[in-house]
1. Being open to solvent by 20 Å² or more (accessible area, probe 1.4 Å) and either of a type in the set (Asp, Glu) or in contact with a Ser or Thr (Cβ under 6 Å, 6 or more places away or on another chain) (or both) is the filter here; which residues of region 122-146 pass it?
2. Would you pick out the residues in region 305-332 that are open to solvent by 20 Å² or more (accessible area, probe 1.4 Å), at pLDDT 95 or above and in a loop (DSSP other than H, G, I, E, B)?
3. Which condition from (1) closer than 21 Å to residue 356 by Cα; (2) at pLDDT 85 or above is the one that residue 476 breaks?
4. Only residues in region 167-180 that are open to solvent by 20 Å² or more (accessible area, probe 1.4 Å) and of a type in the set (D, E, K, R) count as the first member; pair them with residues that are modelled with pLDDT of 90 or more and assigned to a strand (DSSP E or B), Cβ under 7 angstrom, at least 6 apart or cross-chain, and list the lot.
5. Being touching a residue at least 24 places away in the same chain (Cβ under 8 Å), closer than 29 Å to residue 117 by Cβ and in contact with a Pro (Cβ under 8 Å, 6 or more places away or on another chain): is that true of residue 344 here?
6. All but one of (1) more than 21 Å from the chain's Cα centre (by Cα); (2) surrounded by fewer than 20 Cβ atoms within 10 Å (Cβ to Cβ) hold for residue 378; state the number of the condition that does not hold.
Amino acid sequence: MDAVNWFIDLIIFIVYAVTIASCIIVVLKENRNPIRSLSWVIALIFLPVIGLIFYIFFGRSLCGQHMISRMNKRKIITTMAPRHVNLDSQNLSRADRNLVKLARNVSSSFYTVNNHIEIFTTGEEKFTALKHDLNAASRSIYLQYYIFLDDTLGHEIAQILMRKAREGVDVKVIYDHVGSFSVRNRFFKMMNEAGVETHPFFKVTLPQFANRVNWRNHRKLVIIDERVGYIGGMNIADRYVRSKSRGWGWRDTHFRIEGDIVESLLFSYVVDWNFRNQQHPMRYPKTPRVDFTNTVGMQLVTSGPLSQWDNLALCFLKAISSATRSIYIQTPYFLPTDALRHALEAAALSKIDVRIMIPRRSDSLMLQYASFSYVTQCLKAGIKVYLYNPGMLHAKAMIIDDNLVTAGSTNFDFRSFENNFECNLFIYDKETNSRMREIFFADMGHCTKLTYSTWHTRPMLQRSLESVVRLVSPIL
């Protein structure tokens, strides 16, 4: 009997050793960041079972896979591409022109100039406008949200969508299965039965649990009648419109846009809808032409774990490196890659005005500690850091010099740059830049500016927690 048990133990050990060795080979073949690769190798070797479990859920890469075939992508681009804009005829700086080209190459992102934009900084403004546009829809409504809760606001939106579907409007909803995991199935079933097509992105089921739980579709898009678009950081949840009564407000930024840029939103939506949803593929609609006298240059840049490049990280790095006067960043979580952190430090040490605004109190204590762990280095380099006091700062915006703004769903952290499906609007316009700067400085009035001397005296326990949490920041 002892011999049999010994043999079984030997077989289990060999299988485990082969599995670990195979994982290590995969890590090495992917040619990732050496520090991250070494971290996974150490975890797999010295943390038996736990290291393997963490690798299965958080360590694998989707790079090289495709959301759609190259042929279908070319077909969509050919069908839906906005009219070509000659960059030489545009009033763009050389830095902005190069950024436009970068975004075009990595993200099939078309530069458009026939656009109009409205900026919302409160949920009341955004959802009042959104509900008005939804009620006025006559042809189509396409929604995509990371979180679509079945709370009061969620039911208000759902009732409008169901009524419009009964009127014959083509209504489709994409929601992230992990982000909306707390929502009861009957909520989306209710919409389906009323004619609203709902599609969970990367639905997490037991056989594919480990393959999908780490990948999130974090985008927040709405396209109405192929004419009006919404993009930003607000999800569909009561906290954006009713949280202030509890003394805990959510401050976010969202855009309402019209013009040629809506076609880029539609392109992104079609690709996401058709991803692993071959039973009900979406057609490739063409947006109607509307001319605006006050034109705004825009690009939509998308990124995700299936991209060949870290699209948004590269575009952020290019924008920061090209700054000559100022860089203002608002983000709920500040966990920058080494390249982006060094770019910000280099800018500040070059006497460029670099300011970063994060919430004093985050919705995630772990992410708060991780974000705080980067503050000391920032202050040493001369970066001005502000803690937003009134509530949860959820805005995701970067304002460069006096002509460039980017905002959308992308947090300034590892997860957004590497693991999430994200989208940001890049806006090349002095007026929009000026308005966003005014918003930033208005928010500064509700902030505490940190200094190195005071920050360095925070409790030892807090500093220790920050250091520990920072070790796992790449997978948070």
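The values are calculated or read from the model by the stated rules, or taken from the named source; none is laboratory data. Because the structure is predicted, anything quoted here is derived from the model rather than measured. Glycine gets a Cβ as well: all are built from the backbone with ideal geometry, and neighbour counts include every protein chain shown. For accessibility, only protein heavy atoms count, side chains too; no ligands or nucleic acids. Shrake-Rupley method; radii C 1.70, N 1.55, O 1.52, S 1.80 Å.
1. Taking region 122-146 and keeping what is open to solvent by 20 Å² or more (accessible area, probe 1.4 Å), we get 122, 124-125, 128-129, 131-132, 135-136, 138-139, 146.
Matches in region 122-146: 124, 125.
2. Hits for region 305-332 are 324, 325.
3. (2)
4. 170/140
5. Details: touching a residue at least 24 places away in the same chain (Cβ under 8 Å): yes; closer than 29 Å to residue 117 by Cβ: yes; in contact with a Pro (Cβ under 8 Å, 6 or more places away or on another chain): yes.
Yes, satisfied.
6. That leaves (2) as the condition not met.
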